[in-house]
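Everything on this sheet refers to the single structure shown next.
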Amino acid sequence: MADKVVLAYSGGLDTSVAIKWLADKYHMGVIAFTADIGGVGDLPAIQQKALKIGAVKALTVDAKKIFVDSFVFLALRANAIYEGQYPLATALGRPLIAKMLVDTARKEGAVAVSHGSTGKGNDQVRFDVSVAALAPELKIIAPAREWGMTREETIAYAEKHGIPIPIKAASPYSIDENLWGRSIECGVLEDPWVEPPEEVFAWTKSPAVSPDKPDYVEIGFEEGMPASLNGKRLDGVALIQRLNELAGKHGVGRIDHVESRLVGIKSREIYESPAATVLLKAHQAMEAMTLSHQQLRFNEKVSSEYADIIYNGLWFTALRRDLAAYVDRAQKHVTGTIRVKLFRGNCIVVGRKSPVSLYDFSLATYDKGDVFDQSASVGFIRIFGLPAKVQAKVQGGEGEEKKPKKKS
Ligand code: ARG
């Protein structure tokens, strides 16, 4: 019997061609595996297509809940944003897909797993490193990295073998989609000076034509986890879907970024991440209300480290788990409600409340009810400013630096 390979199958052109190519080149039985993490569309149709092209088996799974609970919300609680811009939608999806490929390979007795990533991007790294960490015994085959076909040649290959070409294949853009966001690259976007044409956007209205009245949303957090929307408890998947619609309607979540890929290339990326944009902003506002300055400062370091780990495909590593343990502990009091205004492409935090808020009205107020002892500030400042005073006296102040005295 032929060896088996489990292929991450999206139903798109490349992975459809890969089914045939793997069977021809490697003489393997291809098991097509499709996970819905919020972007693939019609699962039964994809399954049928895989079998028609020649897969020996086609499996599908709805993985939206596990994606949100075990990947997206962990990243949200860590405020993970790559280079201050990218909420990491694609990057978070890859390790989960890799894990499911590995699980399927073990169940089906396959010797290899396969994915449709090219040799130029981050996704190959995320798949390969995840598989290596989870199942070092499995072989990894990346057809698009091996076959050296251009897009035209891939289309010709499909035509020659009677593989149906998806309408999307005619689009000049490369698009990846899941609940946390949409990633768009290629075509005119490869010129970083060119403004993204309206046609690249699918989830967000242009702020130019978005409603002229704002919507307000209230996000309830429990230990850093979004738990409710406008006072209604919602599971993570529904909450994100609803927010994608609401914020997308107001043009919130468009991101245009020149990004540093792990493989050394700068690339121009467009993202649509309405829910992610709102939730990350709201989560940060919730932390500002419930954590000390020192915690916030330290969390910033954890955030950028965590984001790099996710971006670079290192999800299944010890450091990622260590940081997750820290984040889990650090979110214990990040509980309360954030009120956000969505309007003309903007997402603005306009209100916050928390049962464990560190904001104390009687300390903050300039009006009646002030309990802060202003006279205590005098002594505090005397000590706090002491080093600055001493240094200025000895070495000179602003613009009048003293020369060090020569020792005689
Ligand atoms: N640049 C993003 C990342 O590395 C998105 C990649 C999206 N892939 C795609 N086929 N458009 O995570």
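What follows draws every value from the coordinates through simple rules; no lab data is involved. Computed from a predicted structure; not experimentally measured. No Cβ is skipped: glycine too gets one built from the backbone with ideal geometry, and neighbour counts run over all protein chains shown.
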(request) Starting from the Cα gyration tensor of the range 130-180, multiply each eigenvalue by 5, take the square root, and state the resulting semi-axes largest first in whole Å. (result) 27, 18, 10
(message) So for the range 249-381, averaging the separation of alpha carbon pairs under 8 Å that are six or more residues apart and normalising by length, what relative contact order in percent results?
(response) 26
(request) Report the residues of the range 247-274 in range of a label on L319: point 7 Å along Cα→C-beta, backbone N strictly under 16 Å from it. (result) 262-263
(message) Check which residues have an amide H placed less than 5 Å from R254's amide H, if you skip close sequence neighbours.
(response) S273
(request) Could you work out how far apart the two model spin labels at K160 and A132 are, taking each label as a point 7 Å from the Cα in the direction of the beta carbon, and quote it in nm? (result) 3.3
(request) Find, among the GluC sites (Glu not before Pro) in the range 68-151, those assigned to loop by DSSP (not H, G, I, E, B) with at most 16 other beta-carbon atoms within 10 angstrom. (result) E83, E137
(message) If you take every residue apart from Q331 with its C-beta less than 11 Å away from the C-beta of Q331, what net charge results, scoring Lys and Arg +1 and Asp and Glu -1?
(response) -1
(request) Could you let me know the centre-to-centre spacing of the range 195-258 and the range 356-374, using Cα atoms, in angstrom? (result) 34
(request) For the chain, find the longest principal axis of its Cα atoms and tell me its angle to the long axis of helix 89-108, 0 to 90°, nearest 10. (result) 40
(request) At q = 0.14, 0.21 Å⁻¹, what is the base-10 log of I(q)/I(0) for the range 51-99 according to the Debye formula with one equal point scatterer per Cα and no solvent? Please give it to two decimals. (result) -0.47, -0.76
(request) Considering Cα pairs under 8 angstrom that are at least six residues apart, work out the relative contact order of the chain and quote it in whole percent. (result) 17
(message) Which of V217, V194, V131 has the fewest other C-beta atoms within 10 Å, and how do the rest follow up to the most?
(response) V194, V217, V131
(message) How charged is the neighbourhood of D191? Take every other residue with its Cβ under 14 Å from the Cβ of D191, and add Lys/Arg as +1 and Asp/Glu as -1.
(response) -3
(message) Restricting to DSSP H runs of at least four residues, report the calculated mean residue ellipticity at 222 nm for the chain, -39500 (n - 2.57) per run over all residues, nearest 500 deg cm²/dmol.
(response) -12500 deg cm²/dmol
(request) Using the number of other C-beta atoms within 10 angstrom as an exposure proxy, rank M1, M100 with the fewest first. (result) M1, M100
(request) Can you check what the net charge comes to around L22, using other residues whose Cβ is under 15 Å from the Cβ of L22 (Lys, Arg +1; Asp, Glu -1)? (result) +1
(message) Cut-off under 28 Å on the C-alpha distance; same-chain residues fewer than 8 positions from K403 excluded. Which lysines are left, in chain and number order?
(response) K389, K393
(request) Taking H placed 1.01 Å from N in the peptide plane, check which residues at least 5 places from L7 or on another chain put their amide H under 5 Å from its amide H. (result) I31, A32, F33, S114
(message) Run the simple label-point estimate for E146 and S171 please: 7 Å along Cα→C-beta, distance reported in nm.
(response) 2.9
(message) Can you tell me, using C-alpha contacts under 8 Å and at least 6 residues apart, the relative contact order of the range 4-170 as a whole percent?
(response) 27
(request) With θ set to phi - 60°, apply the Karplus curve 6.51 cos²θ - 1.76 cosθ + 1.60 along the range 119-130 and write out the HN-Hα couplings as whole Hz, x wherever there is a Gly or Pro. (result) x, 10, x, 7, 5, 4, 5, 4, 5, 5, 5, 4
(message) Test of understanding: in a Gaussian network model of the chain with alpha carbons linked when under 10 Å, which of G396, G253, G264 would top the mean-square fluctuation ranking?
(response) G396
(request) Kindly put T60, T90, T154, T365 in sequence by how many other C-beta atoms sit within 10 Å of each C-beta, fewest to most. (result) T365, T60, T154, T90
(message) Considering only C-alpha atoms, what is the centroid distance from the range 9-36 to the range 82-131, in Å?
(response) 15
(request) Determine which residues of the range 224-260 fall in the zone a paramagnetic label at K353 would reach in this model, i.e. backbone nitrogen under 18 Å from the point 7 Å along Cα→Cβ. (result) 227-233
(request) Please provide three numbers in whole Å: the alpha-carbon extents of the range 4-170 along the principal axes, with the largest listed first. (result) 48, 36, 29
(request) Take the chain, connect every pair of alpha-carbon atoms lying under 10 Å apart with a spring to form a Gaussian network, then pick out the residue of F221, F372, F380 with the largest mean-square fluctuation. (result) F380
(request) Between K49, K341, K160, find the one with the highest GNM mean-square fluctuation for the chain; connect C-alpha pairs within less than 10 Å. (result) K160
